[in-house]
Structures are given as C-alpha cells and as structure tokens.
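The values are calculated or read from the model by the stated rules, or taken from the named source; none is laboratory data. On a predicted model such as this, the values are computed, not experimentally measured, just so you know. Positions of Cβ are generated from backbone atoms using ideal geometry, with glycine treated the same way; all protein chains shown enter the neighbour counts.
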Amino acid sequence: MERAQQMPAADTGPVEEVERFDAIIIGAGVTGLYALYRLREHGLSVRAFEEGSGVGGTWYWNRYPGARFDSESYTYGYSFSEELLQEWDWSEHYAGQPETERYLNYVADKFDLRRDIQFHARVVSAVYDERAHRWQVHLADGSRARAQFLITAVGLLSAHYIPDFEGLDSFQGAWCHTGRWPAEGMDLAGKRVGVIGTGATGVQLITEIAKEVGHLTVFQRTANYCAPLRNGPIDPDTQRQIKASYPDIFKRCNETAGSFIHKFDPRSALEVSLDERLEQYERLWAEPGFKKWLANFYDIMLPGPANEDYAAFVRQKIRERVKDPVVAEKLVPKDHMFGSKRLPCESGYYEVYNQDNVLLVDVREAPIERITPTGVKTRDAEYDLAVIIFATGYDAVTGALNRIEIRGEGGQTLKDKFAKGPRTYMGIQSVGFPNLFTINAASVGNFVRAAEPLVDWVCDCICYVRDHQFTRIAPTSEAEAAWTQHVAEAGAKILRTQADSWFVGANIPGKARFLLTSPDTAPVMRAKRAEVAAKGYAGFLLQ
Ligand SMILES: Cc1cc2nc3c(=O)[nH]c(=O)nc-3n(C[C@H](O)[C@H](O)[C@H](O)COP(=O)(O)OP(=O)(O)OC[C@H]3O[C@@H](n4cnc5c(N)ncnc54)[C@H](O)[C@@H]3O)c2cc1C
C-alpha cells in the first residue's frame, strides 16, 4: 500500500506537490474519527480533512445554548474500546454539547488520531483519475492530496441552511445559524432576540435563551410534537451499573429498529382497554427520553388509528401546559402524524410561552417577507430585533456532498447524478464513482450504534479490495437500480416519509422529494451488508 508521502503532481510539473495516501476521509465527526481509527488499524495510510478547527462534527459546530443529546449518553458513545468505555464517565443521562465535544476530543487524544487530521481544511472538489484509479482532492487553500479510496464522512446534518430571505445583508444587528454558533458565544442578555425555526434545535435553544433575553420573538412555521426529556445527573451507583452492563446495553440497541435502547411494546394500542392504554401512555410520558415514543405500543409508529390516538394524547399534553388557549392552539401540531419527524425532547419549552416577554408568531398565517435593517417584517407586522437566530436546519445528507464538486468517471458530478434523489447501492457507493464511499447518512436513529458497523463494513471492504489486488470497486448498475427502487417503494410505506421534513428533502426549496436514508431497520441493514460481503461483495464490480 502507499505510504503517505509528498510527490510532484505528474500533471502539473514538479513545483506543486500532492500528498498521497491509501485513503482520504472528509470530516472528523464521530464517523470520520472512527473510520480513521479503523483504517489505520488495518495498516492503511490515511489523512482526514476537516473544515473546523477541532474534532466532533455536529458536537463541534452546534454550540448553541441548550444543545444536547436525545440519545442516552451511554448508548451513543463508541463501543469499540473496552478501555474507553470504562474510563469515560458520562455525567448526565442526556449529555450537553460541551460534554460530547470533550468526549470526542478525549477519543482523538487517546487514540492519537490528530496526527492524521488536517484541520481548517475544507475540501472543495474531488476528482476521480480514471487512469490511475485514484481520487484527487482539492482543498480551499489550493493544496491537493490523492488516495485510492475516498470516504465522505461529511455528516447528515452538517450543511447548515438559511432560507434566502431578502434583506439579510441590510440587518444591522447580530445574527447566526445555530449550526455555526460562535465559540465565544453570543451576547443575548437583556436583548430583543428573534428565533426563526421551531424544530428540535429551535426547541432546545428557545427554552434556554428565554431565561436571559429581554424579549423573545419566535417565528414558527411548523408546530412540532415535543416531549419532556426529563434529564438528570448519573449518580455513582448508576455509573457503576452502566459500566458493568455495556455488552447488554449495546446488544439491546443492536436489536432495535433505530438502534435506541428502547423496545416497542409488541401489543397494539387498540387491542388493550382504554384504561390500560391511557395508563401506559401516562406511565411512559413520565419516563425520560424517547421511551414514551419507542417503548410504546408498536403501532403508534404506523400510519393509522393508533398513531392518531397517541397524537391526540400528546396534543392534550401541550394544551395543558400553555396558559393562553390561542397560543396553545398554535403550538399544537395538526399537519403531520406523530413520529413522522424525529421527536424533539424539551425541558420546559412550552412554559416559555407563558412568559410575558415571549411572543409566538405563526409564519404560516403571516409569512416572513423580508429582513429589515432593524428586524423581521412579516405580511402583518414588523418586529424590532437586536439579534436574529436561524434555527432553520440543514440541507440534509446530500447537502454536504453537493457542496463538494465530486467528479467521477466521464467527468460526471455526484450532484447531477443525485439531482432527483440519491442513486446508490445501500447508500454506500454509486455507479461511476469507484472507490468512493458515501457514508455520511449511517443512521437516522441512535447514530453511533449504526455508524460503527457501517464503518467496519467499509473498512473490511477496502481491505478486501487491497488484499485481492483489485484497483477499484463500484456497484453494478443493476444493484444500484434495484436499491434505488427499494428506497422509493419501501420508503413510501414508512412514517418518516409522510411529513414534509428533512428526511425527504422537503425543507429545502427545489430539492427533489426522496427518502435520503435507508428505509430498512438497522438490523436489516447490517444483515444485508453482511450477506453482500459473504458473497464476495455481490452487487459490486471489482476490477
Ligand atoms: C443539534 C443536533 C443534535 C443531534 N443529536 C443527536 C442525538 O442525540 N443522537 C443521535 O444519534 N444523533 C444526533 N444528531 C445527529 C448527529 O449529526 C450524529 O449523531 C453524528 O454526530 C453525525 O456524525 P458524523 O461524523 O457522521 O457527521 P458530523 O458530525 O456532521 O461531522 C461531519 C464533519 O464533516 C466536516 N465536513 C463536511 N464537509 C466538509 C468539507 N467539504 N471539507 C472538510 N470537512 C467537511 C464538517 O465540518 C463536520 O465536522 C444530532 C444532530 C444535530 C445537528
């Protein structure tokens, strides 16, 4: 295999230098860090390029007040090192962003990962050299690097998105997107602050900053079903129990559809008596995290009467917490099914709207027309603001890929190829882009549980190519077509595709509506990949 080295670029003469590696990874979030660890362990020379100045990805960029897990902390951490599991103490059941960022820095240091990561290194393009079977990567600073294998660990929610509001340039106050929160923080104390967006991030942020701002205006397009997080510290006894039962924790996670620790009740909500049903709803509602969702009757996650029954229960919970019935009705979701979007978890969100200094503006009723020098103008009114915060989410999955000019065989771009939705084989590879592994959408569930086995699979696949002295691997057209059809057909039946959410690209104007992730459960995906590998990478062409 190639050793990392500086070589003159053959096509540009001896002056410019191109560093050469076996594999290049784009991104140093949880996926990129683990891929780096694994590939290095297999003896490959690897370089990871990361736009940020530190490791962590999501947990590096999202420094907004209130940012925290909805996964149980100890189910989210890496499982690959027993030593790491025993050394690291999670302080809360649902850790906040600073702790998760600290954890990923600890991992990077413990496994000496930084020496192979280049920070402040934004990849702007990646071009496949068909003669050499190598990817050439170009960075924003003009430097270049080459490798046989390219892994895009660029994140599923990393391409932050701000709607194209007219007049933003003219705004005289401060503004930022939650996914680009400045490391030094923002001074919000006593100020007139506007937040645009009430998804999972907006819900966390609003709850936190409502404690310090002078006045808060929340611009809501879609009301969401939100549920109490009920976070708390992990006491020493629980800490010991967690550390003693990691194998069991991971086993349980690996058995569930979304890799969370919660298992659905196999009973239908409608087969038990009304009393029993309500007792279970209430009991689980009082529990922390996603239990009230993912440990409930299985059919609340299927479109139909059980889902609607539970949605009615949750709507009532919202109404009970908001004093003004007009405001409460605005906060009650009526345009999508419960569970068709990831459930935002909150710690006092609805009570914020009982504060005198908080105003909820429904931008479905009166859309935002423009940003003015002094605030936001909707169809009906103007709002004076010193700070605007965009909690407007991400151009999910394909967004981060599209921001890189990825050119494969024949000069075709991945962006053009994915214009009507991703066309891949198992989300991993795409015809015409050999040796490129697009693993930025490992999971929409409990992420790391699904990312680790996916990275393992990709690393094994790369070793297979290496050990059998192949130069390239890419899917067959038939395998890609069948997978793409499967995503469309199976995807149409699941709850996740029923709402206008980022899962199907509906939050980005002009983006083709297509399920951006696998419609299969995590265990099914693992089994499918294992079968493909066992058959000598069936569905892939190795040359
Ligand atoms: C606010 C928030 C809360 C979340 N909470 C949870 C949770 O509780 N549980 C859960 O399971 N998941 C959660 N997620 C999902 C989360 O994104 C994943 O858990 C996980 O962090 C993704 O890791 P990743 O390494 O694949 O991608 P990311 O963490 O997004 O990292 C991708 C990295 O790639 C870099 N990059 C992208 N493009 C380029 C380029 N062109 N050049 C160089 N570098 C580039 C980015 O800078 C980034 O650092 C949350 C997401 C968000 C946004």
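List of remarks:
- Here Val458 meets each of (1) within 23 Å of Glu50 (Cα to Cα); (2) part of a loop (DSSP other than H, G, I, E, B) with one exception, condition (2).
- Residue pairs meeting the criteria (Cβ under 9 Å; at least 6 apart or on separate chains; first in a strand (DSSP E or B), in segment 473-494; second small (Gly, Ala, Ser) and modelled with pLDDT of 95 or more): Ala474/Gly408; Ala474/Ser430; Ala474/Gly432; Pro475/Ser430; Pro475/Gly539
- Val272 vs. criteria assigned to a loop (DSSP other than H, G, I, E, B), without any contact (Cβ under 8 Å) to a residue 60 or more places away in the chain and surrounded by 14 or more Cβ atoms within 10 Å (Cβ to Cβ): yes
- Test: residue in segment 147-160 that is surrounded by fewer than 18 Cβ atoms within 10 Å (Cβ to Cβ), in contact with a strand residue (DSSP E or B) (Cβ under 7 Å, 6 or more places away or on another chain) and not hydroxyl-bearing (Ser, Thr, Tyr): no
- Residue in segment 484-492 that is more than 28 Å from Arg252 (Cα to Cα) and crowded, with 17+ Cβ neighbours inside 10 Å present: yes
- Among the residues listed as Trp181, Trp135, the single one being closer than 24 Å to Gly408 by Cα, crowded, with 17+ Cβ neighbours inside 10 Å and aromatic (Phe, Trp, Tyr): Trp135
- Evaluating Gly202 against the criteria (1) buried (at least 21 other Cβ atoms within 10 Å of the Cβ); (2) over 25 Å from the mean Cα position of the chain (by Cα) leaves one unmet condition, (2).
- Conditions (1) more than 21 Å from the chain's Cα centre (by Cα); (2) within 13 Å of the ligand (Cβ to nearest atom); (3) of a type in the set (Gly, Ala, Ser); number of the one not met by Gly142: (2)
- In segment 424-445, of all residues being within 16 Å of the ligand (Cβ to nearest atom) and of a type in the set (A, V, I, L, M), the one that is farthest from Leu156 (Cα to Cα) corresponds to Leu436.
- Residues of segment 184-198 classified as on the phi < 0 side of the Ramachandran plot and crowded, with 22+ Cβ neighbours inside 10 Å, total: 5
- Filtered residue count, segment 166-195, keeping only those that are of a type in the set (Val, Ile, Thr) and away from the ligand (no atom under 16 Å from the Cβ): 1
- Selected residue [among the basic types (Lys, Arg) and more than 15 Å from the ligand (Cβ to nearest atom)] from Arg131, Arg114: Arg131
- Residue check for Thr238: crowded, with 19+ Cβ neighbours inside 10 Å, of a type in the set (Val, Ile, Thr) and over 21 Å from Glu308 (Cβ atoms): no
- The combined condition, being over 30 Å from Asp187 (Cα atoms) and of a type in the set (Phe, Trp, Tyr), is fulfilled by Phe264.
- Scanning segment 503-537 for residues that are in a helix (DSSP H, G or I) and either buried (at least 19 other Cβ atoms within 10 Å of the Cβ) or not hydrophobic (A, V, I, L, M, F, W, C) (or both) yields Phe503, Val504, Ala522, Pro523, Met525, Arg526, Lys528, Arg529, Glu531, Val532.
- Test result for Val458, buried (at least 22 other Cβ atoms within 10 Å of the Cβ), among the β-branched types (Val, Ile, Thr) and in contact with a Leu (Cβ under 6 Å, 6 or more places away or on another chain): no
- Of all residues in segment 38-50, none are within 10 Å of the ligand (Cβ to nearest atom) and either modelled with pLDDT under 95 or under 24 Å from Pro288 (Cβ atoms) (or both).
- Unique residue being over 21 Å from the mean Cα position of the chain (by Cα) and within 16 Å of the ligand (Cβ to nearest atom) when the list is Arg379, Arg407, Arg449: Arg407
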